[in-house]
Amino acid sequence: MIQAIALLLAFQLAGETLRVALHLPVPGPVIGMALLLVWLVLRGGPDDALRGTSGTLLQHLSLMFVPAGTGVMLHAGRLADEAWPIAVALVASTLLGLLATGLSLHFLTRHRSGSPR
């Protein structure tokens, strides 16, 4: 289990190092996750230790949101002051995300079958 956690942290560190060295606008953990994905694809998938450790981490994922929830509560006044812009941004981004997903699915399924509909 410790080796698997060390592996996950090593990929996160590698992603953060690349982000800082190359001045990338993407968060380091996201780059690390992409590197981990490439490594897992080249390796043929995770081993049992990594699978078990990641499963345990996912079972306790809700604990990772406690600091974020605390931060939101610290800025409740600011959120109340800017409720309308936040609500409009949330609704607009949700609609755009649904539209992009629907169009992508339509495009991929249409071209997958080989015949236009």
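Just so it is clear, none of the values below were taken in a lab; they were calculated from the coordinates. This is a predicted model, so every value here is computed, not measured. Here the Cβ positions follow ideal geometry from the backbone for every residue, glycine too, while neighbour counts run over all protein chains shown.
List of remarks:
- Among the listed values [x] 34, 16, 12; [y] 27, 18, 12; [z] 31, 28, 16, the one matching semi-axes √(5λ) of the Cα gyration tensor in Å as calculated from this structure is [z].
- Just checking the listed ones, LEU42, LEU98, LEU57: in the Gaussian network model of the chain with Cα springs under 10 Å, the one fluctuating most is LEU98.
- For the chain, a simple Cβ point-charge model (Lys and Arg +1, Asp and Glu -1, everything else neutral) yields a dipole of about 480 debye relative to the Cα centre.
- Rel. contact order, % - alpha carbon contacts under 8 angstrom, at least six apart, the chain: 17 percent
- Cα centroid of the stretch 1-22 to Cα centroid of the stretch 55-99, whole Å: 26 Å
- The chain: DSSP helices with Cα axial extent of at least 30 Å and average Kyte-Doolittle hydropathy no lower than 0.0: 83-113
- Kirkwood estimate for the stretch 1-59, i.e. one over the average of 1/r between Cα atoms, Å: 11.9 Å
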